[in-house]
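Data block below; observations after.
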Amino acid sequence: MKVSMTVNGQALEADVEPRWLLVHVLRDQFGLTGTNIGCDTSQCGACTVLMNDRAVKACTVLAVQADGAEILTIEGLKQDGQYHPVQQAFWDEHGLQCGFCTPGMIMTAIDLIKHEAQPNYAAIRHGIEGNLCRCTGYENIVRAIRQAADKM
């Protein structure tokens with residue numbers, strides 16, 4: 001099957017099998033390796049992208065379901081050499097260590113802030129429940145999302 005989608009503002013097409021996952025198409029067909037594969041079972045959130053302006057775990061979306069969709073990955077955030085406010089806040093607040101979960105965390109945070117402009121700490125913690133981090137203890141991640149919300 002042929003699928004077409006707009007990824008990071010660019011119209012792309014791929015020949016896929018009906019069982020292929022969006023995460024694999026992004027990584028293997030389009031070369032966008034910032035979307036990480038952590039578990040393939042939707043438990044970790046490392047593969048989170050925005051699909052039609054909503055955070056989705058790309059390991060739970062079939063590529064054929066994304067046909068015609070607008071996809072935004074971590075690679076599409078930086079504009080004119082400037083980091084997205086959430087990316088910058090993660091940098092400023094040291095909201096990452098190994099970095100494996102960071103792309104999914106950032107994409108989830110963007111969706112969270114888009115739907116709740118000034119989330120409190122409890123709302124942030126609830127909003128990132130589906131994203132696991134084994135390194136940070138989450139404190140700096142929560143601070144980073146709070147800082148980003150203030151700037152956005």
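Report every pair of residues separated by at least 6 positions or lying on different chains whose Cβ atoms are under 8 Å apart, first residue within the range 70-87 and closer than 20 Å to R146 by Cβ, second among the basic types (K, R).
H84/K78; P85/K151; Q87/K78
Looking at (1) at pLDDT 95 or above; (2) closer than 16 Å to I128 by Cα; (3) in contact with a strand residue (DSSP E or B) (Cβ under 6 Å, 6 or more places away or on another chain); (4) not aliphatic (A, V, I, L, M), which is the only condition S42 fails?
All conditions pass for S42, except number (1).
Within the range 85-101, identify whether any single residue is modelled with pLDDT under 95, among the aliphatic types (A, V, I, L, M) and over 22 Å from A117 (Cα atoms), and answer yes or no.
Within the range 85-101, one or more residues are modelled with pLDDT under 95, among the aliphatic types (A, V, I, L, M) and over 22 Å from A117 (Cα atoms).
Can you tell me which residue in the range 45-62 is surrounded by the fewest Cβ atoms within 10 Å (Cβ to Cβ), limited to those that are polar (S, T, N, Q) and farther than 12 Å from T73 by Cβ?
N52
The values are calculated or read from the model by the stated rules, or taken from the named source; none is laboratory data. As the structure is a computational prediction, the values presented were derived from the model and not from experiment. Note: ideal-geometry Cβ built from the backbone for every residue, glycine included; neighbour counts use all protein chains shown.
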